[in-house]
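Encoded as structure tokens, the structure appears first; notes follow it.
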Amino acid sequence: MTGIPEVTLNNGVRMPQLGFGVFQVPNEETTAAVTSALEAGYRSIDTAAVYGNEAGVGKALAQSGIPRDELFVTTKLWNGEQGYDRTLRAFDASLEKLGLDHVDLYLIHWPTPERDLYLETWQAFEKLAADGRVRAIGVSNFQPAHLRKVIDSSGTVPAVNQIELHPFLQQAEVRAFDAGHKIVTEAWSPLAKGGELLSHPTVRELAEQHGRTPAQVVLRWHLQLGNVIIPKSVTPARIRENLALFDFELAEADLARLAELENGQRTGPDPDTFNAA
Ligand code: NDP
């Protein structure tokens, strides 16, 4: 066993702290990547309608023979599908592509504030949860102001907020809001997409000190902060490497050195201004 810890969401559902992301993996390559991940020991998979690879994920899950209750599947509602009825239809389409009868976590992909539909969309999410078609509902890329509106209008606190988060962009404010409201923070692009961060001298030095790779040091930093992480790789050796995180520990001083890397650098859009459909 890989020893992946779980976090308990605010509705009691348990979620692996480490999962596997498939953003930008073409559908026809996704089955192989997810199969490698399942073989390595991952049980949580993070996809989205807009990635166009839910079918590839579903095929790998079906072929694996792993019991459904040992898997944790997340997908996301795309921006152009927000609104009550559209959300319910988009959810049906996602389930069909995944070949599942429920998902474990369904997320509103972006708030798209200009569209101003996320409160109505959230009502559809509450219905999906009440109907037992999703085990937990959450959001992605929500800033505290968006979260506050959701909580005030519905009384239902999102279980998860999946945000861009890595040592260059540590999201102190959003993480504090999440923690204060029992929302689990999940880090997307936990490796900052693998480039500059993994070749940063501080990361390389810590990797050398611990006899680990730069990616393992960064992922271990996330785990010690309590973040849920979903690193993506299509490379089998890296898929395994990103899971080998449970037999070493960073010291407080190491965490402090990584905290110094904050520079506010995003690899993706700013949620306050991203309104693409
Ligand atoms: P990551 O930070 O996970 O980085 C992925 C990149 O890093 C790939 O190019 C991969 O290369 C490389 N890489 C992975 N492991 C290693 C390693 N051990 N050593 C060196 N390089 C490595 O970026 P993502 O943007 O993919 O984020 C992860 C997941 O988060 C996504 O797949 C998706 O599920 C989710 N996400 C959610 C978003 C949202 O808006 N909610 C937005 C963006 C992502 P290779 O594959 O070639 O091995």
Distant-in-sequence amide H partners of LEU165 (H built 1.01 Å from N, under 5 Å): TRP188
Label-point separation in nm, GLU96 to ALA130, each point 7 Å along Cα→Cβ: 2.5 nm
Pairs from LYS59/LYS193; LYS149/LYS193; LYS127/LYS193; LYS127/LYS149; LYS97/LYS149 whose Cα-Cα separation, in the structure shown, is over 24 Å: LYS59/LYS193; LYS149/LYS193; LYS127/LYS193; LYS97/LYS149
Residue-wise HN-Hα coupling along the range 224-237, computed from phi with Karplus coefficients 6.51, -1.76, 1.60 (Hz; x: Gly, Pro): 5, 7, x, 6, 7, 10, 9, x, 10, 7, 9, 9, x, 5
Whole-Hz couplings from phi, Karplus 6.51/-1.76/1.60, listed for the range 161-169; x for Gly and Pro: 10, 8, 10, 5, 7, 6, x, 6, 9
Nonlocal amide H pairs with VAL184, under 5 Å, H built at 1.01 Å: ASN10, VAL160, ASN161
Potential extension, GLU70-PHE248 segment - 0.36 nm per residue separation minus Cα distance: 61.5 nm
Karplus (6.51, -1.76, 1.60) ³J(HN,Hα), θ = phi - 60°, over the range 141-151, in Hz, Gly and Pro reported as x: 6, 8, 8, x, 5, 5, 4, 4, 5, 4, 5
Full-extension gain in nm, GLU28 to THR156, via 0.36 nm per residue minus C-alpha separation: 42.4 nm
Net charge over other residues, Cβ less than 12 angstrom from the Cβ of ARG135 (K, R count +1; D, E count -1): -1
Top of ALA130, ALA33, ALA159 by mean-square fluctuation, Gaussian network on the chain, Cα under 10 Å: ALA130
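Determine the calculated [θ] at 222 nm for the chain from helices alone, applying -39500 (n - 2.57) to every DSSP H run no shorter than 4 residues and normalising by the residue count; nearest 500 deg cm²/dmol.
Computed mean residue ellipticity for the chain: -12000 deg cm²/dmol.
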Local electrostatic count at THR273 - Lys and Arg +1, Asp and Glu -1, tallied over other residues with Cβ under 13 Å: -1
Antiparallel bridge percentage (DSSP; both residues within the chain; nearest 5): 15 percent
The range 81-109 and the range 136-209: distance between their alpha carbon centers, rounded to Å: 23 Å
The chain: relative contact order in percent, alpha carbon pairs under 8 Å with at least 6 residues between: 20 percent
Label-reachable residues, the range 15-31, where backbone N falls under 14 Å from a point 7 Å from GLN63's Cα toward its Cβ: 27-31
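What dipole magnitude, in Debye to the nearest 20, does the chain give about its Cα centre under +1 on Lys/Arg Cβ and -1 on Asp/Glu Cβ?
That gives the chain a dipole magnitude of about 260 debye.
Laboratory data are not the source of any read-out in this text; all were calculated from the coordinates shown. Just so you know, these numbers come straight off a predicted model, no measurement behind them. Note that each Cβ is placed from the backbone with ideal geometry, even for glycine, and that neighbours are counted across all protein chains shown.
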